[in-house]
Amino acid sequence: MAIEVAKVELKTVSDASGLAACLDAGQFTADQVVAVIGKTEGNGGVNDFTRILADQAFRAVLAERGSRDTVALAQIPMVWSGGCDGVITPHATIFAQTDETGPADEARLVIGTAISVELLPEDIGRVAMVEKVADAVRAAMADAGIDDPADVHYVQTKTPLLTIDSVADAASRGQKVACEVHDSMGVSNGTTALGIGVALGEIPMPTDDQICKDLDLYSAVSSCSSGVELTQAQIVLLGNRAGAGGRFAIGHAVMKDALDMDGIYDGIRNAGLDLPERARAEDLGGKLVNVFIKCEADHRGQLRGRRQIMLDDSDVHHHRHSKGAVGGVAAAAIGDPAVFVSVDAMNKSNHGGGPVIAIVDKGVDKS
């Protein structure tokens, strides 16, 4: 089953007109939409309600224009990452599944989705969450029809974080949480990345003591976000499968640090687009759909041997520094500020770097 992909701009906090325009143009139907991954313009923190507003707007269009009931609509993974620091444009990448197939020797983009069992507040930052996420990733692989983990290039997740209410809920049941509320976003993201790595065979099962502490354990295809709007792990898994049909393919690489523009081009090459050794945005020829990047400040406070102050800044959180910087590098690399850049690359790459995933349009094989 082929995947159709569209990137649309969010013109306001709760704008879903880009989705409606795709439906009006017949690019896909509302009932064919299987996932949405987007950037919203809030603060990206615990209290970023722009994610909820965007989610509501997109689900409302699908409800109005499609035939799925409330329960079915709620099962569509919509991963909203808050914070458009620097030049990043609020946008969404929409994935729809059609019944088209293709040549058996042509590997094209496929998508699998899954929603985990309930994640309890006390699971966050512990092996229990790693296990629950790993089970959901395996289910998403099966949903995509992918047998070989090497064919998986991107696992985007959204998981819960802690709130005062959820901490109180755990305490009422005699349970203790693993971290503070304001640390829980990074801890939730890092724990989820380890679950992805375990499911794909990238790493062995970690211990509680290693979670978000042993940074040499990571998944190179993970992009994990968290928020207050859910209590389960939403999994959107993308890879390539022969015979899937469609025009799109996916690949990945790793940015070694915040300035590693070559890492972005390596991800695009891995998706199947030929580029010169010293690539520029003009070389993409309109064939790149989007890049999806995780980043963070290097905890050593260094960047290519130079001292960095973002970890010492009491006025602006280092998440916003790193997101703005990497967003600028990515926008320059592809010539488009509508790039998906998200922070908290803990357990997702080497120190100070992060995964970069690219989706390209390879055209339709007419043979």
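The values are calculated or read from the model by the stated rules, or taken from the named source; none is laboratory data. Predicted model only: the values in this text are computed from it and were never measured. Cβ sites come from the backbone with ideal geometry, for glycine too, and all protein chains shown count toward neighbours. Heads up: the accessible areas ignore ligands, DNA and RNA and are worked out on the full protein's heavy atoms, side chains in. Shrake-Rupley method; radii C 1.70, N 1.55, O 1.52, S 1.80 Å.
Could you list, in sequence order, all residues of region 232-257 that are under 14 Å from the mean Cα position of the chain (by Cα) and open to solvent by less than 10 Å² (accessible area, probe 1.4 Å)?
A233, I235, V236, L237, L238, G239, I250, G251
List every residue pair whose Cβ atoms sit under 8 Å apart, with the two residues 6 or more apart in sequence or on different chains, where the first one lies in region 96-110 and is crowded, with 19+ Cβ neighbours inside 10 Å and the second, anywhere, is among the hydroxyl-bearing types (S, T, Y) and modelled with pLDDT of 80 or more.
Every condition considered, the pairs that remain are A96/T29.
Need pairs with beta-carbon distance below 8 Å; first residue under 25 Å from R269 (Cβ atoms) and within region 147-163, second part of a loop (DSSP other than H, G, I, E, B) and open to solvent by 50 Å² or more (accessible area, probe 1.4 Å); sequence gap 6+ or separate chains.
P149/G201; P149/E202
Could you check how many residues of region 164-182 are free of Cβ contacts under 8 Å to residues at least 12 places away in the same chain and either surrounded by 16 or more Cβ atoms within 10 Å (Cβ to Cβ) or not charged (D, E, K, R) (or both)?
Of the residues in region 164-182, 4 are free of Cβ contacts under 8 Å to residues at least 12 places away in the same chain and either surrounded by 16 or more Cβ atoms within 10 Å (Cβ to Cβ) or not charged (D, E, K, R) (or both).
Could we say that G86 is open to solvent by less than 30 Å² (accessible area, probe 1.4 Å) and under 22 Å from K7 (Cβ atoms) here?
no
Across region 304-321, which residue is farthest from V187 (Cα to Cα) among those that are in a loop (DSSP other than H, G, I, E, B) and open to solvent by 100 Å² or more (accessible area, probe 1.4 Å)?
Here the answer is R304.
For region 21-31, how many residues are surrounded by fewer than 18 Cβ atoms within 10 Å (Cβ to Cβ), of a type outside the set (S, T, Y) and touching a residue at least 40 places away in the same chain (Cβ under 8 Å)?
Number of matching residues: 1.
Identify, please: which residue in region 43-59 is small (G, A, S) and within 23 Å of I357 (Cβ to Cβ) and is, among those, surrounded by the most Cβ atoms within 10 Å (Cβ to Cβ)?
A54
Which pairs turn up if I take residues in region 293-322 that are free of Cβ contacts under 8 Å to residues at least 24 places away in the same chain and on the phi > 0 side of the Ramachandran plot and look for partners that are surrounded by 19 or more Cβ atoms within 10 Å (Cβ to Cβ) and of a type outside the set (F, W, Y) with beta carbon separation below 8 Å, at least 6 apart in sequence or on another chain?
Pairs that qualify, where the first residue is free of Cβ contacts under 8 Å to residues at least 24 places away in the same chain and on the phi > 0 side of the Ramachandran plot and the partner is surrounded by 19 or more Cβ atoms within 10 Å (Cβ to Cβ) and of a type outside the set (F, W, Y), are G301/Q308.
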